[in-house]
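Data first, discussion second: the structure below is written as structure tokens.
All of the numbers you see were taken from the coordinates with simple rules; none came from a lab. Nothing here was measured: the structure is a model prediction, and the numbers come from that model. Positions of Cβ are backbone-derived with ideal geometry, glycine not excepted, and every protein chain shown enters the neighbour counts.
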Amino acid sequence: MDELEFRRRVYADPNDMHPDFLSASTHAANRQFLDEMKNFNHKLEQAMNVPVPKNLPDNLMLPQRLAQPEHREGPGWRYLAIAASIAFALGFSTRFIPLPADSPPAIGQVAIQHVEAEMPFTRYVDEQVTLTAVNVKLAPYGAHLNDMQQLGKIYFVNHCMFAGGPAAHLVIAGEHERINLFLVPMDRPLKMESRFAAQGLQGEVVSMQSYRLVVVTGMQENLEQVTATVKASLERAI
Amino acid sequence: MISLFKRKKPKADAVSKGIAVKQKRYEALVYTLHADLFRYAFWLCHNRQIAEDLVQETFLRAWKALDSLKDEHAAKAWLITILRRENARRFERKQFDLVDLDDQQVPDKHSPGPEQDMENELLRRHISELALEYREPLLLQVIGGFSGEEIADILNLNKNTVMTRLFRARNQLKEALDHDNTIRGRSNG
């Protein structure tokens, strides 16, 4: 290559290693120029070599350490899971703690509330209840009906919730308004009362062998008579 | 019941092992390349604080994209490319500060003497004054140690253009320094 070309190459890269460049650099004039430029390049290197902030590498590492997920988790979550299960079991078991019967509800109040609540339904229901059907529902309470003569028309019979437990609920015809009967198991925690009245309703409670008979009627009804009739119907069956 | 508390290893370990490998790679890149990157950044923006911010940004992006770096030998070029992109973003966000070159007190630890100090200082000024299109190829060659082909790759230019710009850069700087020395030679008598 000619001198001009060589100079251009030197300016472009004094450390050029290509064979043609290296062979050209052996010529005297070229050699001197190359040495000069290499010297100059060394000055460039020095000038460009500004100091680097000492803490820069550490600063660059720090965010990565923070971003790194902890892999030494430990069995922590398992202990928490066990504790939670135990807490749950304990909490759940309180359900079965028999609460001191400081105030079991009054049987009359429960009965009246129940009748009131279901009035819209019981007033018009007519499930054409048969004797068989009745006895199926009465059986769990140890009750039985021989016939429906004395009791008359039964509109509805089924189990219901009565003070926290099941009871038989019958809706029968009365002289005025319909009559609601409840057969409540003996062991139900309830405050006993033989007679009660409220909200335009009246009722009577009779203890039978394995259950309490609760009769609820309207105020116009002859409660005593109704109760006697129902009791007789149920008593005759043994 | 007791076995409930034995730590099940496999899956968690693979993940954390992967992270540990990545961490090691990253660490290596930081310690070997942070200095060159800082210097390159400094010569792009003439400001040490901005340069540091650029390098932080660069390495943050590098960490996120580290899985895409397949060959460690390509790391420097890769990082410089990221850095250049970050620098370009600065201008998009209009974050460039007009830097007074007189403020740039760059301590020189290599100075063999006051004469060289002066020359060094002048040279630094001239480098800063180089047009970016000439400055970058030179920085890549001198600081980065890249070949003409590699520089062409990074700057997305053809090799001939790169060599021409390198020629012009050095030429300008040499002439500028020679001119300074001539003036100083005259004033020094």
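Say R0 is 35 Å: what FRET efficiency, to the nearest 0.05, do residue A:135 and residue A:94 get from their beta-carbon distance?
Efficiency, from the Cβ-Cβ distance: 0.35.
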| said: Give me the three principal axis extents of segment A:119-238 from the C-alpha atoms, as integers in angstrom, largest value leading. | reply: 33, 32, 25
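Where the only charges are on Cβ atoms (+1 Lys, Arg; -1 Asp, Glu), what is the dipole of chain A about its Cα centre, to the nearest 20 debye?
Working: 21 positive and 26 negative charges, 123 e Å.
Value, rounded to 20: 580 debye.
Averaged across A:34-46, how many Cβ atoms of other chains sit within 10 Å of each residue's Cβ atom?
Working: counts 0, 0, 1, 2, 0, 0, 6, 5, 0, 7, 14, 3, 10.
Neighbouring Cβ atoms belonging to other protein chains average 4 per residue here.
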| task | Rank A:28, A:41, A:10 by how far each Cα sits towards the positive end of the charge dipole of segment A:1-49 (+1 on Lys, Arg Cβ; -1 on Asp, Glu Cβ) and give me just the farthest. | result | A:41
| If you count the DSSP beta bridges with both ends in chain A, what percent of them are antiparallel, to the nearest 5? | 95
| 9 Å beta-carbon shell around residue B:57, net charge (K/R +1, D/E -1) | 0
| said: Using the crude model of +1 on Lys and Arg Cβ and -1 on Asp and Glu Cβ, and no other charge, please compute the dipole size for the protein assembly as shown relative to its Cα centre, in debye to 20. | reply: 1120
| What is the distance in Å between the Cα centres of segment A:148-224 and segment B:129-189? | 109
| said: What is the ratio of the Cα radius of gyration of the protein assembly as shown to 2.2 N^0.38 Å, with N the residue count, to two decimals? | reply: 2.25
| query | DSSP beta bridges in the protein assembly as shown, what fraction antiparallel, as a percent rounded to 5? | reply | 95
| message | Quick check on the protein assembly as shown: helices-only [θ] at 222 nm, where DSSP H runs of length 4 and up contribute -39,500 (n - 2.57) each and the sum goes over total residues. Nearest 500, please. | response | -18500 deg cm²/dmol
| said: For the pair residue B:128/residue A:222, report the inter-label distance in nm, with labels modelled 7 Å from Cα in the Cβ direction. | reply: 12.0
| note | The farthest towards the positive end of the charge dipole of segment A:101-174, of the residues A:160, A:113, A:143, given +1 on Cβ of Lys and Arg and -1 on Cβ of Asp and Glu, is A:143
| What is the Cα radius of gyration of chain A over 2.2 N^0.38 Å, N being its residue count? | 2.85
| task | On a 0 to 90° scale, report how tilted helix A:3-12 is relative to the longest principal axis of chain A, with both axes built from alpha carbons and the result rounded to the nearest 10. | result | 30
| note | On each of the three principal axes the extent of the alpha-carbon atoms of segment A:181-232, given in whole Å and largest first, is 31, 25, 13
| remark: When chain A is treated as a Gaussian network with springs between alpha carbons less than 10 Å apart, the largest mean-square fluctuation among A:23, A:207, A:93 is found at A:23
